[in-house]
Amino acid sequence: MKNKLSTTLCLSRRIAFFASLAGVLHAGAAPFILAQRGQPANCVIVLPSAPSEAESYAAQELQNFTKRMTGVELPVASAPVDGKNAVILSKTRKDLPRDAFHLAVKGNRLLVEAGSDSGVLYGVYELLERHGGCRWYSSWSSKIPRLETSGMIFCPTGLTWEPVTYIPQPEAERLYTRVFLTTTTISRLFLLK
């Protein structure tokens with residue numbers, strides 16, 4: 001029963017993927033290919049000339065997980081290379097709130113734009129999850145698929161994600177302290193009985 005359900009889910013995902021592919025290709029947009037198993041890297045990860053630690057980490061994560069999925073290690077550069085696709089990581093979108101990002105394809109460039117370091121990192125993880133099929137269930141449990149082609153397919157407008165809520169750091173610490181103290185107090189009350 002479990003195997004039949006798994007096969008059905010896999011088949012429905014493939015149908016949805018090819019239906020979306022047909023719709024996008026029909027609209028005139030070609031798929032953006034990150035890497036193909038057994039082929040040399042045809043894509044470069046582009047960072048600013050003086051990247052922050054988070055931007056460098058985002059590029060490293062994209063590079064590592066693309067290699068795990070396809071076996072192809074994407075080079076990291078400070079400028080796009082002629083004749084190759086480029087994934088450009090930048091935090092130049094000051095119109096976006098903190099932690100928000102925008103993904104879009106323009107020609108042979110996939111833009112991961114954000115207004116903050118965390119937004120760039122979240123954009124890379126969204127790319128890996130939504131279009132690569134990666135899943136992280138906890139710090140010790142993940143599912144990284146083995147892909148023949150890791151392709152990104154976007155509508156011309158792209159995808160913008162904004163966080164629903166944002167708790168400033170001092171507020172988050174106060175909230176955590178209140179929850180911890182409340183939980184500890186309730187636990188002690190039950191242990192005393």
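The values are calculated or read from the model by the stated rules, or taken from the named source; none is laboratory data. Just so you know, these numbers come straight off a predicted model, no measurement behind them. Cβ atoms come from the backbone with ideal geometry, glycine included; neighbour counts cover every protein chain shown. Quick note on the areas: whole protein, heavy atoms, side chains included, nothing else; ligands and nucleic acids left out. Shrake-Rupley method; radii C 1.70, N 1.55, O 1.52, S 1.80 Å.
So the values come out like this:
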{"item": "Odd one out for Ser49 among (1) outside any strand (DSSP E or B); (2) closer than 26 Å to Glu162 by Cα; (3) touching a Ser or Thr at 6+ places or on another chain (Cβ under 6 Å)", "result": "(2)"}
{"item": "Pairs where the first residue, in the range 79-105, is over 15 Å from Gly115 (Cα atoms) and in a loop (DSSP other than H, G, I, E, B) and the second is open to solvent by 20 Å² or more (accessible area, probe 1.4 Å) and of a type outside the set (A, V, I, L, M, F, W, C), C-beta under 6 Å, 6+ apart", "result": "Lys84/Asn42"}
{"item": "Selection count where residues are among the small types (Gly, Ala, Ser), more than 24 Å from Trp161 (Cα to Cα) and in contact with a Pro (Cβ under 8 Å, 6 or more places away or on another chain), scope the range 67-105", "result": "1"}
{"item": "Any hit, the range 169-184, residues being open to solvent by less than 40 Å² (accessible area, probe 1.4 Å), at pLDDT below 85, out of contact with any Pro (no Cβ under 9 Å at 6 or more places or on another chain) and hydrophobic (A, V, I, L, M, F, W, C)", "result": "yes"}
{"item": "Matching residues, the range 116-147, being in a loop (DSSP other than H, G, I, E, B) and at pLDDT below 90", "result": "Gly133, Cys134, Tyr137, Ser138, Ser139, Trp140, Ser141, Ile144, Pro145, Arg146, Leu147"}
{"item": "Subset of the range 87-107 [more than 13 Å from Glu55 (Cα to Cα), surrounded by fewer than 16 Cβ atoms within 10 Å (Cβ to Cβ) and more than 17 Å from the chain's Cα centre (by Cα)]", "result": "Lys94, Asp95, Pro97, Lys106, Gly107"}
{"item": "Within the range 32-60, tally of residues that are of a type in the set (Phe, Trp, Tyr) and open to solvent by less than 30 Å² (accessible area, probe 1.4 Å)", "result": "1"}
